[in-house]
Amino acid sequence: MTIRTTLIAALLGACVLGVPMAGATEAPRSAASEDLARDAAHLAILDRFYIASSIQDEATIAELLGSAMIWREGKGARLAGRSSDGVSGAVLEAVFGPVAARFEGFSGSASLYLPSGNQVVAMGHYGGYNRSTDDLLSAGFVHVFTFSEGRIVHFEQFTDTPLWSEDAGPD
């Protein structure tokens with residue numbers, strides 16, 4: 001009975017003294033809302049990025065990439081040497097051009113996004129047909145994207161490189 005009385009007295013005292021009980025939850029709720037909004041914006045950018053990549057929409061890809069871009073392809077992949085730093089145009093030329101030239105119907109689609117602050121990890125799958133061999137490319141990937149000011153400024157790829165080597169066919 002003493003504990004119950006003490007708790008009631010504490011609650012009443014807080015009300016009398018004007019301690020805002022609901023105010024304690026407002027700041028975390030606001031920060032959580034900002035985090036959700038930021039994450040939603042990043043995921044919307046990535047949805048556009050993957051669609052643009054699949055249809056080789058270079059204008060949209062360039063719009064989504066930051067002007068000073070760091071792009072890293074997975075080590076061991078046939079096109080790993082295509083990694084590029086610099087302006088988005090250099091990434092388009094070094095990465096997307098050769099992929100489109102080599103693969104018919106190339107696509108990368110993410111099935112899971114894991115946002116964390118200014119980064120998002122995307123897990124998904126590559127597909128397409130090698131233009132010279134008609135072999136199917138089918139390989140999983142993990143992409144790590146870093147965002148700044150609403151644009152992708154860093155990309156790192158992790159993929160099943162033996163599948164790329166087998167399915168990509170000869171250089």
Checklist entry - Stretch SER111-ILE70 to full length: gain in nm at 0.36 nm per residue minus the Cα-Cα span? => result 12.4 nm
Checklist entry - Along the range 129-135, what does the Karplus equation 6.51 cos²θ - 1.76 cosθ + 1.60 (θ = phi - 60°) give for ³J(HN,Hα), rounded to whole Hz, x for Gly and Pro? => result 10, 5, 5, 8, 10, 6, 6
Checklist entry - At what distance in nm do the modelled label points of ALA90 and ARG131 sit from each other, each positioned 7 Å from its Cα along Cα→Cβ? => result 2.5 nm
Checklist outcome for this item: Amide H contacts under 5 Å for ASP160, restricted to residues at least 5 apart in sequence or on another chain and with H modeled in the peptide plane, are GLY140
Checklist outcome for this item: Non-local residues with an amide H under 5 Å from the amide H of MET69, with H modelled 1.01 Å from N and Pro and chain starts lacking one, are GLY86, VAL87, SER88
Item to check | Packing-based exposure ordering (other Cβ within 10 Å, fewest first) of ILE51, ILE152 | outcome: ILE51, ILE152
Checklist entry - Whole-Hz Karplus ³J(HN,Hα) for the range 117-122, in order, using 6.51 cos²θ - 1.76 cosθ + 1.60 and θ = phi - 60°, x for Gly and Pro? => result x, 8, 10, 9, 9, 10
Next on the checklist: I'd like the Karplus ³J(HN,Hα) series for the range 149-155: coefficients 6.51, -1.76, 1.60, θ = phi - 60°, whole numbers in Hz, and an x wherever there's a Gly or Pro.
Outcome noted: 6, x, 10, 7, 10, 8, 9
Checklist entry - Whose amide H sits under 5 Å from the amide H of ARG131, counting only residues 5 or more places off or on another chain, with H placed in the peptide plane? => result PHE103, GLU104
Checklist entry - Which FRET efficiency value, to the nearest 0.05, is calculated for SER30 and ARG151 with the Förster distance at 30 angstrom and r the Cβ-Cβ distance? => result 0.75
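Read-outs: derived from the displayed coordinates by stated rules, not from any lab. What you see is a predicted model; the values in this text were computed from it and never measured. When we count neighbours, we look across all protein chains shown, and the Cβ atoms used for this are built from the backbone with ideal geometry, even at glycine.
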